[in-house]
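Worksheet: the structure to be examined is printed underneath.
The values are calculated or read from the model by the stated rules, or taken from the named source; none is laboratory data. Quantities reported herein were computed from a predicted structural model and do not represent experimental measurements. Neighbour counts run over all protein chains shown; Cβ positions are idealised from the backbone, glycine included.
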Amino acid sequence: MTTDSVKNKRLVGLFLLGCVLFNYPILHLFNLERFFAGLPLIYVYMFAVWSLLIVAIVLISRIPSASSYRPQHTGKYRGP
């Protein structure tokens, strides 16, 4: 399995996780009349999940692909 296919599978999984986290049953759990730092809990949940998804996308997209990997040549020969 190449790193590109692993990256694509992780991004699809992250998309599906985002769909689940922003779906009605989960959002309903946080739709309470409670406040966190003066903000409704639903807003805090939505922006926190959104931010975490963005961070996860950045981390996954920074995985180097197989085509971009080039071994560095030091110029020194190490014999057998």
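Key figures
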| item | result |
| --- | --- |
| Number of the condition not met by MET1 [criteria: (1) aliphatic (A, V, I, L, M); (2) at pLDDT below 95; (3) in a helix (DSSP H, G or I)] | (3) |
| Single condition ASP4 does not satisfy, out of (1) without any contact (Cβ under 8 Å) to a residue 40 or more places away in the chain; (2) out of contact with any Pro (no Cβ under 8 Å at 6 or more places or on another chain) | (1) |
| Test set (1) at pLDDT 95 or above; (2) of a type outside the set (Gly, Ala, Ser); (3) surrounded by 10 or more Cβ atoms within 10 Å (Cβ to Cβ) - CYS19 fails condition number | (3) |
